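The next block holds one structure in the form of structure tokens; read it before the comments.
The values are calculated or read from the model by the stated rules, or taken from the named source; none is laboratory data. Owing to the predicted nature of the structure, the values given are computational and were not obtained by experimental measurement. A quick note on method: Cβ atoms are made from the backbone with ideal geometry, for glycine too, and the neighbour counts reach across all protein chains shown.
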Amino acid sequence: MSSNGNSRLDPHLIAELRAALGDDAVVARAAELKVYECDGWTIEKAAPEILLRPRTAAEVSAVLKILHREGVAFVPRGAGTGLSGGCLPIGAPVMICTSRMNRILAVDYASRRVEVESGVVNLHVSNAVAARGFFYAPDPSSQAACTIGGNIAENSGGPHTLKYGVTTNHVLGLEIVLPDGKIAELGSAAEERCGYDLVGAVVGAEGTAGIVTRATLKLTREPEARRTMLAVFSDVDDATRAVSAIIAAGIIPCAIELMDQLIIRAVEAAFHAGLPTDAGAVLIIELDGAIAGLDDHAQRVGELVRGAGAREVRLAHDDAERAILWKARKRAFGAVGRLAPNYATQDGVVPRTRLPDILRAIGAIALRHNLRIGNVFHAGDGNIHPIVLYDERDADQTRRAVAAGREILQACVAMGGSLTGEHGIGAEKIAEMPLIFSPEDLTVMSELRRVFDPDGRANPNKVIPTPGSCVEVSTPRRQVPI
Amino acid sequence: MNDHDAPQLVRTFAALIGESRIRAPQGRETRAASIIAEPHDAREVAEIIRKCEADAITLAPIGAGRTLAAMRPAPVAVGVSLAHMAAIIAYEPDDMTVIAEPGLTLAALNRQTAQHGQHLPADPPHPELATLGALVGAAHAGPMRHAEGTVRDLLIGVRFAGHGGRLVHGGGRVVKNVAGYDLMKVMTGSFGTLGVITETTFKVRPMAEQYAIAFAAYGDVASASAAAAQLHHAAALAHLEVASPAASHALGLRGGFTVIAGLAGSAAEVAELSARTRAMLAAGAEIMTGAEAIAARERLRDCDFADAAIVALIAVPPAELARCLEPAEVEFVAHAGCGVARISLSSGANPAEACAALARIRMAVHAAGGNLRVLHAASEMRPGLEFFDQPPRAAFALMQTLKRTFDPHGVFNPRCFVGGL
């Protein structure tokens, strides 16, 4: 579909934007804009009419003032690794990319704070402070590419959020350029807030509050040690019960990841990581903390998973063995690509104790639609990522894959869960919002959004369903790694 | 209607939700509200709100009345007590989540969760008085913020009655959830100015198997703070405080500037932490264990300087905290790793001196990039005293819009939050 309705941007406006930023900050040729036609959600594509790459908050402000005067909508973009079409331009002809605002401005080790521009890549923050024994805790799988600004928009998580929390738990202060071009300082480097928690409102607002240009983040101390183990189960049901057993025992690992048989076999076929291909499921469990007591916890976890039916528990003996386990987990999606021409990943959440139920439900949905569905996900958080395999050349199979995805989300909601644990609503799940929120809830959320963006020009047609914003999904959801 | 015409207010609200639901304020409540309404469910809260908006009557949620009595220059007309909305709706120990009504006290909640070895790790002073509504509304916190964060990190779902009596919910009951706007953050620390919270959902955490607490005295703020910083760097602690001499004395300690460290975990962890802490702290460091340690932690938690002329909460980047605590007239319990301190100023001979001292500290805190909030002020200190800092201009403009949007009739705890919101 065309992203921008019928109207093309006024050439005078484009000239003014060029004058404000310089030619090198403006991309307007259709061939070059094609790169920006989607993020990690590839179902829908729409290139912006113009892409702007400002270098400073002042430039962002200048641009937004011009767009405000002209009543033109815009969409912010970081690295474009989002998974819900959050930076897809729908009714927003101007895309503003933060990638050139990529400086780490200040590190204060004594206060455990780092101040960064929003285009800084997530992993670069941790890399910059690693030598002093610190890291930035939120670690989405795309962390080598995704930006802090994008993480703030999506309130990103990652495998280690089970213990360390998600983006919102680590952001203290923001500089944001509001849709009218005004620059606002929200929060500070201090833990307490002065007035309403506007930082908390902006984190996870999916770019609908304006363009974040700078952030003050908390740094976390590297743990003294880690213990990473692989628990092998004959039956996936036992694996999910083991997750509950660990949590119920009062042990909070920093990660518990589950891979089922379909995924294990795909990973083995592709990478020979040494996973047992006859297993029904494996858990990768990682504990971290002070050295004292860590082995006790690891032993206790070993006992718990064996008690839940694990037939084997392997402990990684060194960093190399640990790296192999994580590589297997992180490459799972690439491996799945070998199993079918197409695959579609869902993101849903259930209360942890409902994991056995949701996996059984997914199994039943797969059977009913005659599809193969694999599971690799953040089990400790109850955050599932079923992967539906299909062939898009087969229209009926494609239709069934779409239906299966929606039924899985409905099952999550029926079990007291949510539509998305970490990928966001974006354009992708906007039609599903009424499954968990009442019209009144959505009205209040719209009102909150208008506090920042009264004209609805910041990333329009996202998060909250409005007439015309709902995309009729006719092909399944994305097929990119999470 | 005149906000203070109590008999008329009683008649109005008795007609609305029944006579038995309306009572006169008692004790400190008298400074918070003219009458107290005690709705039994969210629907009744909504009815009260609709009536207040229709007749321009002010209202505010009230728990034990501590926060509201302290911050209100004059009482609101209707204090909405949630004492009858104090049930645990759902507690799932294996999911480590709990849904509870806002009138429940933190202590009552934690008595239930303790049966499963879990707790809501928020520890403001006197949890037997702190309702969950107040915990969220006033964003109260205590020593455990060091390791567990604050209520903002623990609240995963919220329901509230907003303007027009709308019943609204945000979040859910799963620990990881990014669907929709984060209404939990908007309500946390909003001091009843945006609506009345009717239900809260929290993550709970496992309680540590063992707990010990270490104390070591130092001669001045700077050396105590340096020792605390060193310890913070060397060990994952449950909490970390520096207490001023009078605060130390109130805690039953010898005096001096005391570093207080909470050591929690398995037996092996606590043993190792104790050894490490003892090696790092000043000679004469003392470590308590068992029931004695827990009692000490509770004294630390409850040290709220209730009799002081002015009590305030300051927050700065942690490395800046010691400098802000240097003025001799300040007594404090500082959460050193968080850069947050509860400070008190005694009036001494002259209230004006205490106010002047507060102004100096406020300036120092602002210069350090932080903020200050007055928690309590004796009545002679009140005139002209700003409880909240003024936010930066653009941020404040957003807050004004937020307030107007959520409270178009201006009835929710008006004119006493930041900038007179």
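Worth a mention:
The rows are residues; the columns are (1) over 24 Å from the mean Cα position of the chain (by Cα); (2) not assigned by TED's automatic domain parsing to the domain that holds A:Leu409.
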{"position": "A:Leu304", "(1), (2)": "yes, yes"}
{"position": "A:Glu312", "(1), (2)": "yes, yes"}
{"position": "A:Ile324", "(1), (2)": "no, yes"}
{"position": "A:Thr345", "(1), (2)": "no, no"}
{"position": "A:Leu359", "(1), (2)": "no, no"}
{"position": "A:Ile362", "(1), (2)": "no, no"}
{"position": "A:Val376", "(1), (2)": "no, no"}
{"position": "A:Asn383", "(1), (2)": "no, no"}
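- Matching residues in segment A:262-276 - criterion: being in a loop (DSSP other than H, G, I, E, B) and buried (at least 16 other Cβ atoms within 10 Å of the Cβ): A:Ala273, A:Leu275, A:Pro276
- Candidate set from segment B:96-109 (those that are in contact (Cβ under 8 Å) with a residue 40 or more places away in the chain and not in a strand (DSSP E or B)); member that is farthest from B:Pro125 (Cα to Cα): B:Met96
- Breaking point among (1) in contact with a strand residue (DSSP E or B) (Cβ under 8 Å, 6 or more places away or on another chain); (2) modelled with pLDDT of 95 or more; (3) closer than 18 Å to A:Val203 by Cα, for A:Gly421: (2)
- Any hit, segment B:342-357, residues being at pLDDT 95 or above, within 8 Å of chain A (Cβ to nearest Cβ) and surrounded by 16 or more Cβ atoms within 10 Å (Cβ to Cβ): no
- Top-ranked residue of segment A:277-305 - restricted to ones that are of a type in the set (D, E, K, R) and outside any loop (DSSP other than H, G, I, E, B), ranked as farthest from A:Leu230 (Cα to Cα): A:Asp296
- Hits in segment B:270-309 (condition: of a type in the set (Asp, Glu) and free of Cβ contacts under 8 Å to residues at least 40 places away in the same chain): B:Glu272, B:Glu292, B:Glu298, B:Asp307
- Flag: A:Gly289 matches the condition of being surrounded by 18 or more Cβ atoms within 10 Å (Cβ to Cβ) and in contact (Cβ under 8 Å) with a residue 24 or more places away in the chain.
- Some residue of segment A:195-212 being more than 8 Å from chain B (Cβ to nearest Cβ), buried (at least 22 other Cβ atoms within 10 Å of the Cβ) and either more than 27 Å from A:Ala62 (Cβ to Cβ) or touching a Lys or Arg at 6+ places or on another chain (Cβ under 6 Å) (or both): yes
- The criterion of being assigned to a loop (DSSP other than H, G, I, E, B) and hydrophobic (A, V, I, L, M, F, W, C) holds for A:Ala145.
- Single residue of segment B:367-405 satisfying the filter (closer than 28 Å to A:Met445 by Cβ, without any contact (Cβ under 8 Å) to a residue 12 or more places away in the chain and among the aliphatic types (A, V, I, L, M)) that is farthest from the other protein chains (Cβ to nearest Cβ): B:Ala397
- Scope segment A:139-154; condition touching a strand residue (DSSP E or B) at 6+ places or on another chain (Cβ under 9 Å) and either at pLDDT 95 or above or over 20 Å from A:Ile256 (Cα atoms) (or both); matching residues: A:Ala144, A:Ala145, A:Cys146, A:Thr147, A:Ile148, A:Gly149, A:Gly150, A:Asn151, A:Ile152, A:Ala153
- Just one of the listed residues (A:Glu154, A:Glu185) is of a type in the set (Asp, Glu), surrounded by fewer than 22 Cβ atoms within 10 Å (Cβ to Cβ) and at the interface with another protein chain (Cβ under 9 Å from one of its Cβ atoms), namely A:Glu185.
- Lone qualifier among B:Leu321, B:Leu325 - being within 14 Å of another protein chain (Cβ to nearest Cβ) and of a type outside the set (Asp, Glu): B:Leu321
- Count of segment A:242-254 residues which are within 22 Å of B:Val98 (Cβ to Cβ), outside any loop (DSSP other than H, G, I, E, B) and at pLDDT 90 or above: 3
- Residue list for segment A:236-255, restricted to those being within 12 Å of chain B (Cβ to nearest Cβ) and surrounded by fewer than 24 Cβ atoms within 10 Å (Cβ to Cβ): A:Arg241, A:Ser244, A:Ala245, A:Ala248, A:Ala249, A:Gly250, A:Ile251, A:Ile252
- Pick from segment B:406-421, criterion in a loop (DSSP other than H, G, I, E, B) and within 11 Å of chain A (Cβ to nearest Cβ), ranking: farthest from A:Ala209 (Cα to Cα): B:Phe417
- When the test is whether a residue is crowded, with 22+ Cβ neighbours inside 10 Å, acidic (Asp, Glu) and touching a strand residue (DSSP E or B) at 6+ places or on another chain (Cβ under 9 Å), A:Glu192 passes it.
- Scanning segment B:233-244 for residues that are under 28 Å from B:Leu154 (Cα atoms), small (Gly, Ala, Ser), out of contact with any helix residue (DSSP H, G or I) (no Cβ under 6 Å at 6 or more places or on another chain) and within 9 Å of chain A (Cβ to nearest Cβ) turns up at least one hit.
- Listing of helices (runs of 4 or more DSSP H) fully contained in segment A:22-137 that carry 2 or more residues being surrounded by fewer than 21 Cβ atoms within 10 Å (Cβ to Cβ) and under 25 Å from the mean Cα position of the chain (by Cα): A:122-129
- Odd one out for A:Gly173 among (1) part of a strand (DSSP E or B); (2) closer than 17 Å to A:Leu105 by Cβ; (3) facing another protein chain (nearest Cβ under 8 Å): (3)
- Some residue of segment A:416-429 being assigned to a helix (DSSP H, G or I) and either aromatic (Phe, Trp, Tyr) or touching a helix residue (DSSP H, G or I) at 6+ places or on another chain (Cβ under 7 Å) (or both): no
- Residue-level analysis places A:Ser188 among those that are without any contact (Cβ under 8 Å) to a residue 40 or more places away in the chain, out of contact with any Phe, Trp or Tyr (no Cβ under 7 Å at 6 or more places or on another chain) and of a type in the set (Gly, Ala, Ser).
- Filter result for the condition that a residue is within 14 Å of another protein chain (Cβ to nearest Cβ), surrounded by 16 or more Cβ atoms within 10 Å (Cβ to Cβ) and farther than 23 Å from B:Arg145 by Cα, over B:Ala336, B:Ala364, B:Ala285: B:Ala364
- Selection status of B:Leu263, out of contact with any Cys (no Cβ under 8 Å at 6 or more places or on another chain) and closer than 22 Å to B:Met207 by Cα: yes
- Residue list for segment B:254-274, restricted to those being part of a loop (DSSP other than H, G, I, E, B) and among the small types (Gly, Ala, Ser): B:Gly255, B:Gly256, B:Ser266
- Apart from one condition, B:Ile361 fits all of (1) farther than 30 Å from A:Ala201 by Cα; (2) touching a helix residue (DSSP H, G or I) at 6+ places or on another chain (Cβ under 7 Å); the exception is (1).
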